[in-house]
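Following: one structure in structure tokens, then a few remarks.
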Amino acid sequence: EDHYEAGLTKTRSSFAEKFQLLMANFRAVDENFFDELEETLIAADVGFEIALKISDELQDEVRLKNATSKKEVQETIIEKLVDVYDQAGNGEDNSMHMAAAGNPSVFLFVGVNGVGKTTTIGKMAQLYRQQSKKVLLAAADTFRAGATEQLVEWAKRDQVDVVTGKEKSDPAAVVFDAVKRAVDQHYDILFVDTAGRLQNNENLMRELEKMKKTITRQLPEAPQEVLLVLDATTGQNALQQARLFKDSTDVTGLVLTKLDGTAKGGIVLAIRQELHLPVKWVGLGEKVTDLAPFDADQFVYGLFK
Ligand code: GDP
């Protein structure tokens, strides 16, 4: 928990700074106050429409509760933001889906180059290995030079096994081999790293579809998770990517990386509101321990502390 807090320092300090300024100027819950609140939310990349919606609903709630003190108003705002996240998810929980006992769970990672797919797999594989799971990695980004080596490095560091293919070979073939090995050798979890070149986005989506089919043909219930990895520092750009991937693959959840490097954590709310996808994990740095399950309460409280 402390680690999570530390990772959010930047998001929080900037958000909190603005928020403190807002509260310092606080005289009454008047129109001026809500205008400034909207600006604060927009600056944090919550998105224009959502900022307005939150502000409107907050005005009603503040009035209804008869909240007048700074403290009451702040509590109402925090509750509201947590609520915005929860409602958008319709109660959907953010835990990872696992295969029935005896079968390997397959987690497919998708997202554009540089967002942190490989790093996230490296971190997560370690987490599950520490829970005594038998973990296998598949390097299905055969396209980008160095991608396979990078995953092999992580496998070494994590002391887990990895399946690789030749450069420019068919990624679906790597996936086929990996699933077969996961089944034959009784692995608990298979993590699949995929390509993320957006220059030819139609080809990429077809490639991802083919990989998914390859998995499902061997394991009808898999993949248990298709995790879209997004870089939080890219703000509204991340939202754009989320739309694209959600339209073409059956994304089951999100990993939001680099939250340690941004003051724009509000993008979590924007993505949640528009795409209704649960944020399952957040990346909080480059080290193997810098990954945490996402917790909406903790996240929002962190922003305002
Ligand atoms: P991929 O192309 O999607 O596989 O992205 P990589 O895993 O290669 O990551 C790209 C860069 O982002 C690397 O330098 C990582 O160390 C860095 N990175 C990944 N996740 C995080 C994170 O949560 N915080 C920070 N600060 N850097 C990260």
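Numbers for the structure displayed
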{"item": "Equivalent ellipsoid semi-axes - Cα gyration tensor, region 145-296, angstrom", "result": "26, 19, 16"}
{"item": "For region 219-285: rounded, prolate or oblate by the Cα gyration tensor [a/c cutoff 1.5]", "result": "prolate"}
{"item": "Percent of beta bridges antiparallel (DSSP, the chain, rounded to nearest 5)", "result": "10"}
{"item": "The chain: relative contact order in percent, alpha carbon pairs under 8 Å with at least 6 residues between", "result": "27"}
{"item": "Inter-probe distance in nm under a simple model that places probes 7 Å from Cα toward Cβ, at Ala43 and Gln130", "result": "3.6"}
{"item": "Tensor-based shape of region 46-115 (alpha-carbon gyration tensor, a/c under 1.5 rounded, otherwise prolate or oblate)", "result": "prolate"}
{"item": "Additional length obtainable on full extension of the chain from Ala101 to Asp177, 0.36 nm per residue less Cα span", "result": "25.2 nm"}
{"item": "Near-label residues of region 191-213 by backbone N, under 20 Å of a point 7 Å along Cα→Cβ of Ser248", "result": "192-213"}
{"item": "Dipole magnitude of region 228-305, debye to nearest 20 (Cβ charges: Lys/Arg +1, Asp/Glu -1, about Cα centre)", "result": "120"}
{"item": "Cα gyration tensor category, rounded, prolate or oblate, for the chain with a/c compared to 1.5", "result": "prolate"}
{"item": "DSSP bridge pairs, region 168-305: antiparallel proportion in percent, nearest 5", "result": "25"}
{"item": "Using a Förster distance of 45 Å, the FRET efficiency for Glu149-Leu21 (Cβ separation, nearest 0.05)", "result": "0.45"}
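Quick note: the coordinates plus some simple rules give every number you see, no bench work behind them. Note that the structure is predicted; figures quoted are calculated from it, not measured. With ideal geometry, Cβ positions are generated from the backbone for all residues, glycine too; neighbour counts draw on all protein chains shown.
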